[in-house]
Structure formats: structure tokens, C-alpha cells
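The block underneath contains the structure these notes are about, expressed in C-alpha cells.
The values are calculated or read from the model by the stated rules, or taken from the named source; none is laboratory data. Keep in mind the model is a prediction, meaning the values are calculated, not measured. Here Cβ is always computed from backbone atoms with ideal geometry, including for glycine, and neighbour counts include all displayed protein chains.
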Amino acid sequence: MANAIKEFNATTNDSRNKLRTIARAWGIPKSTLQRRLAGKIAGHCHQSGRKPVMSKEAEDELADMIRMLAARGFPLGAAEVRQLAGQFSILNNLNLFKKTVAGYYWFVGFMERHRDLRLKKPEVLSKSLKPKRKTSTAKSSASAGSICPVCRVKEHSIKDVLPWIQCHVCETWYHEPCGEKCGLLDDDNFTCRRCVVTVS
């Protein structure tokens, strides 16, 4: 492709068949060479598909955030990466996605562009290795009728049999097992993933 473009630019022949002749000589479709010369497609390297909706800098920043969360013990799944990308877009006033969640094909392209990222599931600890935590089974009256953001079970419903814990930053209530899946737990405090991302 590069040689065909050089040859086209080097020749001074103004015949109408110049483009077609060069394209045939180099085995390139005439329309492909025409698009490259017109500037519709930049450069001479292979390019397929659309350009990414996010800039390279924004995608690199998002990839660094995903790596940071994984290093802190919060590896993300595909759906969580898409949600994080949507939140990232909104927080940075990019508004790239129609919904608050990035699309499936954006995610596939993002993972292709960042092949070093790995989606992992957290390892399950045995009961003997789990740290002991303070939990609150008796919730305050201000949080009556809460819904766990992870499992979507409402407080005092038939399915509500688990102890609850509260994020010390945003004061959202979670079931303890749900909080273990989506937040930072230490001996005294629980921080949900949303607050971990915004505080970091």
C-alpha cells in the first residue's frame, strides 16, 4: 500500500487511468487506494472497523483504573468493566454511550486494544481464613426498606435472611456476602466499589 501511494504521488501522468493502473500493478482494489489518497483513511497500515469512541488517553486511564482495582483485590468481570466505562464517561463529561453502560462491541474492542488486561473472579476463602468483622444485623430506622444494590433483595422481605453492613462513605447498606464481592472490607470499615473508585 505504501509503495502504491508513493508511486501515485511520484508520477506526473495526468491520465484518467493512472489510479486504476497503479492499483492493478500493486494488486490493490482501486476504491481502497482512492480512499487512502483522498484522506478518508489515514496512512498505509491495515485499518478495519470504526475508530474507538474514547480517545487513547481516556482508554489508557480507564485501563489503569481497572489494573489498580485488580491489584487491590477487585478484579472486574465484563459487565463491571462496561459499567465502569459508562461511569467514567459520565464523570469526565465525555457522554460517549447512549446508556450509562458501555456497549458489548465497545468492550470487545477495548479488550483487543488492551490485551494485557485480564478479567478474573475473586478467589473464595475458606471459613478458617476469613477475617472476623463487625456486622450490624439490627439496622437503623433511617434505612428501613433498603434494597441491597448487588442482589436486589429488599429489607424485611422473605428472602432477607443475611446480615447487613453499611458503606462508611456513602452509607449504603449491603448484605455482608454481597459486600464481600463488591467492596473493601477490613476489621472496622466497609467501603463499596463505587466509593473505592471515586475516592481513588
- [ ] Give me the pairs, please: first residue somewhere in the stretch 87-114 and at pLDDT below 90, second residue anywhere and aromatic (Phe, Trp, Tyr) and in a loop (DSSP other than H, G, I, E, B), beta-carbon distance under 6 Å, and either six or more positions apart or on two chains.
- [x] Ser89/Phe97
- [ ] Quick one: count up the residues across the stretch 98-112 that are farther than 13 Å from Val81 by Cα and not in a helix (DSSP H, G or I).
- [x] 2
Open item on the list: Being closer than 25 Å to Leu91 by Cα and aliphatic (A, V, I, L, M) is the filter here; which residues of the stretch 145-184 pass it?
Closed with: Ile147, Val150, Val169, Leu184
Task: Leu162 in contact with a helix residue (DSSP H, G or I) (Cβ under 9 Å, 6 or more places away or on another chain) and assigned to a loop (DSSP other than H, G, I, E, B) - done: yes
